[in-house]
Amino acid sequence: MTNKKKYRLSEFGLSLIMTAFPMAMYYRTFIDDVPIGNFFMLMGVLFLFPYKNFVKTFQTMRWNKDMVLLIVFQLVALLYYYISNFNDNTYSLFHYLIIAFGVALTYTRFDKDLCLHNAILWIGIESFFCAILGYYVLDSGMVEILIDEMDKDERILDYLTISGVCVTNVACCTYFMGKSNRNVVKIILFLCIFFDFLVINLTQKRTPFIVALLIVAIYLYKQLSDKTKRNTTMIMLVAVFAYFFASIYKDMLTDNMASIFNGIDDFINGTYQLEDTNSASQRYYNREKALEIISRFTTEEYLFGKGYMTLWFDNPLMQSYLDMGIFGVVFCFYFSVWIPVKTLFSKKIYDNYIFWAFSMASYVMVGCMSTGHPYSHNKWLPICLLIFIINGVISKGSTQQDCYARK
């Protein structure tokens, strides 16, 4: 197998993993209502795994301690799942897929088995295609019709998935903006980012909006602080585009910002200020219920928790404590908060690959107290990727752009 064909297979595998569920959602919407998200994930892992050099790599490789700890946590979470009364095979499959992805990355040689630059390109193309479909289903009213007609457990379209894949595209666009020296390319990429923000605003989801804004803000800070790459003209163009975007969508942005601030207040204080902050209020009351359960913990429960999925209340960090005690919250904090924050405030963030990996993981960091539960694939796959890329860049250097030319 030539280098080019080998890289294309691994590129496709990684891109399929990172966009599997949004693509599966649109497949179910427009083609056939078959739940194939996990199948896409499995195929991605199989394409990514470096079979050809497996034996040689196994004999010479050194396991990354963070990846080992992450896999150990997933194995322990699986044990909790099997000894609990909770019965949903989807969750056990999440853990198996996360473990498989972690193992595949562990055996993947950063400088020889994967052309990361081109994988990011495919992820960017796939995520932008999903963003276009997201705009269509939102603007046409299809999403409201499908949500109203279907029971909650049977819904195909999901606002968080629609907006989440836009955040993925924002991460890819900022990566290529950091790589390119051409203003025309950067302007096109910024237009893509503004389109992503438009779709996110249409979903009226707070966390994706905050994460996308954070990624763009960090990118601009990097450009301003790095004197070798500072581009005043580009910064001015961004400011002009931002002004026109804000002018055109002023009412939408105003409503969304009000929703963000009122939602944060509702989440903290349990108030109910706007109809669309109902989810934040509900999180507050569920959090109070969780705290009440925790207040009655025995010594054993403080250490090991109450059991798998005792209560889902959109607070992954606190739920990890409720379900798995001190053991669970320490592991979740280390991976969801400590590793991304440590990366953000280190010099590593100036490397384009690491910045992209951090951008992909920033959703986990920001949403660890407000979105989802601690067992979902979307909480762990970006962290696996961040660990892999940091380790690869440190050990091999960020020299992958010409990977097709290597023998």
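The values are calculated or read from the model by the stated rules, or taken from the named source; none is laboratory data. As the structure is a prediction and not an experimental result, all values here were calculated from the model. Methodologically, a virtual Cβ is constructed for each residue, glycine included, from the backbone with ideal geometry; neighbour enumeration extends over all protein chains shown. Side chains included, ligands, DNA and RNA excluded: accessible areas come from the protein's heavy atoms. Shrake-Rupley method; radii C 1.70, N 1.55, O 1.52, S 1.80 Å.
When 134, 37, 124 are checked against the criterion of being in contact with a Cys (Cβ under 8 Å, 6 or more places away or on another chain) and more than 17 Å from residue 9 (Cα to Cα), a single residue qualifies: 134.
Of all residues in the range 297-338, those that are modelled with pLDDT under 90, buried (at least 17 other Cβ atoms within 10 Å of the Cβ) and among the aromatic types (Phe, Trp, Tyr) total 1. Of the residues making up the range 65-110, those that are over 19 Å from residue 308 (Cβ atoms), at pLDDT below 90 and open to solvent by 40 Å² or more (accessible area, probe 1.4 Å) number 1.
The residue list 251, 265, 226 contains one member that is modelled with pLDDT under 90 and open to solvent by 60 Å² or more (accessible area, probe 1.4 Å), which is 251.
Taken over the range 6-21, the criterion of being open to solvent by 60 Å² or more (accessible area, probe 1.4 Å) and modelled with pLDDT of 90 or more is satisfied by 12 alone.
So that you can scan it fast, the table gives a plain yes or no per residue for (1) surrounded by fewer than 21 Cβ atoms within 10 Å (Cβ to Cβ); (2) in a helix (DSSP H, G or I):
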| position | (1), (2) |
| --- | --- |
| 176 | yes, yes |
| 181 | yes, no |
| 184 | yes, yes |
| 188 | yes, yes |
| 191 | yes, yes |
| 199 | no, yes |
| 207 | no, yes |
| 210 | yes, yes |
| 213 | yes, yes |
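Within the range 22-36, the residues that satisfy the criterion of being surrounded by fewer than 20 Cβ atoms within 10 Å (Cβ to Cβ) and not basic (Lys, Arg) are 27, 29, 30, 31, 32, 33, 34, 35, 36. Residues that are of a type outside the set (Phe, Trp, Tyr) and free of Cβ contacts under 8 Å to residues at least 12 places away in the same chain were ranked within the range 339-350; the one that is surrounded by the fewest Cβ atoms within 10 Å (Cβ to Cβ) is 347. Mind checking which residues of the range 71-87 are free of Cβ contacts under 8 Å to residues at least 40 places away in the same chain and outside any helix (DSSP H, G or I)? Matches in the range 71-87: 87 only.
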